[in-house]
Amino acid sequence: MSVIKTEYIRVNPYSRPGIRLTNTNKIIMHYTANPGATAENHHNYFNNLRDRYASAHIFVDDKEAICIVPTNEVAYQANDVQKRVGGKPYRGVPALLNNANFKAIGVEMCIDKKGNITMATFNRAVDVVAELCKAHHLKATDIVRHYDVTSKNCPAPWVKSPSEFTRFKNAVAAKLSVKTKKGKQWLYAKQNLGIRKEAGKWDSGVAFVLPQHAAIQVDYDNLKNDWFEINYQGKKGYFSASVATYFDEKNPNVPYVCQSDLLFRADPKWGGAPSFRRKKGETINAVEKLSNGWLKCTLGMQYGYLPDSATYLKKK
Ligand SMILES: [Zn+2]
């Protein structure tokens, strides 16, 4: 099932010229630069555009993705002139010469009122672009920013933080590679994850929160809409199988045995607030050794700290 809804705008000279693409070599990522405006808002805007030439194929917000120009037609998205090199307009992606509008599909991410690409929009854009890659036999390395093509500050959040763009490409790559894995595997949450009630639906509500570093066993043979079924402490839900984005495949937990009754601190120093207690002989997982020699330990959703000293803790 497609994650992209179709709602084409009218053929018109300003935003949908009705010309066929000559190739589909890349997917160009944009942001709308309109705080708070939705995908539907942009559909309406481009359907009535009369005073300039602009458009893109697909608009993504935190509720939906709408295709407003068919993906085999030209959209006026990335042939702008931002600077010149040797008298000619800067063009940073050779595969899109001479006019990127004839050789690429454009995906616009909407932003919230504060100008941010929300997690829901980011995740939906991953699903959209993975679907486009599959349909057009493209790889995650074929995803480029508008900035890469013409040097326009777009998507501005990814020009400012290129690591977010890398995270995006990795998430798409992970989604494209899901099908090649088989059977059961242990995974470890990279962060606290809001496990959803329904497979493939970010907006289906949070069934429960899987704590960072928690271990779960997933089954690649039992994917639903490219999502894992997650079972944890008697609770059940679903989460995206974009493993590189959300999970560690290597166990970050190192088990230690408490050498006496211990009070773990909320901060890695003496004299601070308490976090939790463990009794002599009980096991606790450490997930990190800090530069001051203290261990960061986990218990459910809580963190607690003690020095890495055999007086307190010994490796199991
Ligand atoms: Zn752009």
*Gap in Å between the Cα centre of region 108-146 and the Cα centre of region 6-76?*
14
*Using only the alpha carbons of region 5-178, determine the length spanned along each of the three principal axes and report them from longest to shortest in whole angstroms.*
39, 36, 32
*Compute the projected area of the convex hull of the Cα atoms of region 124-276, averaged over all viewing directions, and report it in nm² to one decimal place.*
12.8
*Tally Lys and Arg at +1 and Asp and Glu at -1 over the other residues with C-beta under 12 Å from the C-beta of Thr298: what net charge comes out?*
+1
*So, in Å, what gap is there between the alpha-carbon centers of region 194-226 and region 251-292?*
29
_Per principal axis, descending, Cα span of region 181-248 in whole Å_ = 28, 24, 24
*Selection of trypsin sites (Lys or Arg not before Pro), region 226-277, meeting DSSP coil and at most 10 other Cβ within 10 Å*: Lys250
*Mean separation of Cα pairs under 8 Å and 6+ residues apart, divided by the residue count of region 5-178: what relative contact order is that in percent?*
30
*Can you work out ³J(HN,Hα) from phi for every residue in region 150-156, in order, using Karplus 6.51 cos²θ - 1.76 cosθ + 1.60 and θ = phi - 60°, giving whole Hz and x for Gly and Pro?*
10, 6, 5, 6, 7, x, 3
*Express the Stokes-Einstein translational diffusion coefficient of region 254-315 in µm² s⁻¹, to the nearest whole number, given a Kirkwood radius over alpha-carbon pairs, 37 °C and a viscosity of 0.692 mPa s.*
294
*Mind listing which chymotrypsin sites (Phe, Trp or Tyr not before Pro) in region 209-293 are in a DSSP loop and have 13 or fewer other Cβ atoms within 10 Å?*
Trp270
*Calculated FRET value between Leu97 and Lys181, using beta carbons and R₀ = 30 Å, to 0.05*: 0.20
*Would you mind estimating how fast the chain diffuses translationally, via Stokes-Einstein at 37 °C and 0.692 mPa s with the Kirkwood radius over Cα pairs, in µm²/s?*
149
*asked:* Restricting to Cα pairs below 8 Å that are 6+ residues apart, what does the relative contact order work out to for the chain? Please round to a whole percent.
replied: 13
*Tell me which lysines have Cα within less than 16 Å of Lys314's Cα, excluding those fewer than 8 residues away on the same chain?*
Lys279, Lys280, Lys289, Lys296
_Can you give the Rg/Rh ratio of region 85-187, where Rg is from the C-alpha atoms and Rh is the Kirkwood radius?_
1.02
*Karplus-derived 3J(HN,Hα), 6.51/-1.76/1.60, for each residue of region 229-238, Hz, glycine and proline x*: 7, 10, 10, 8, 6, x, 9, 10, x, 9
*Gain in length, Ser161 to Tyr220, computed as 0.36 nm per residue apart minus the alpha-carbon separation, to one decimal in nm?*
18.0 nm
_Please compute the contact order of region 181-248 in relative form: average sequence separation of alpha-carbon pairs under 8 Å and at least six residues apart, divided by the residue count, as a percent._
38
*Segment Lys114-Gln191, extension gain: residue separation times 0.36 nm, minus the distance between their alpha carbons*: 25.4 nm
_DSSP-loop trypsin sites (Lys or Arg not before Pro) across region 108-173, with at most 12 other Cβ within 10 angstrom_ = Lys113, Lys114, Lys139
*Identify, among Trp158, Asn292, Pro94, the residue whose Cα sits farthest towards the positive end of the charge dipole of the chain, taking +1 on the Cβ of Lys and Arg and -1 on the Cβ of Asp and Glu, with the dipole about the Cα centre.*
Asn292
*Tell me which residues come under 5 Å, amide H to amide H, from Glu288 once H is placed; ignore anything under 5 positions away on its chain.*
Lys296
*Could I have the simple spin-label model distance between Arg84 and His136, label points 7 Å from Cα toward Cβ, reported in nm to one decimal?*
3.0
*Under the Karplus relation 6.51 cos²θ - 1.76 cosθ + 1.60, θ = phi - 60°, what is the ordered set of whole-Hz ³J(HN,Hα) values for region 303-311, x standing for Gly and Pro?*
10, x, 10, 8, x, 7, 9, 5, 4
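Computed from the coordinates by the stated procedures, all read-outs in this text should not be read as laboratory data. Everything quoted here is computed from the prediction, not taken from an experiment. Positions of Cβ are generated from backbone atoms using ideal geometry, with glycine treated the same way; all protein chains shown enter the neighbour counts.
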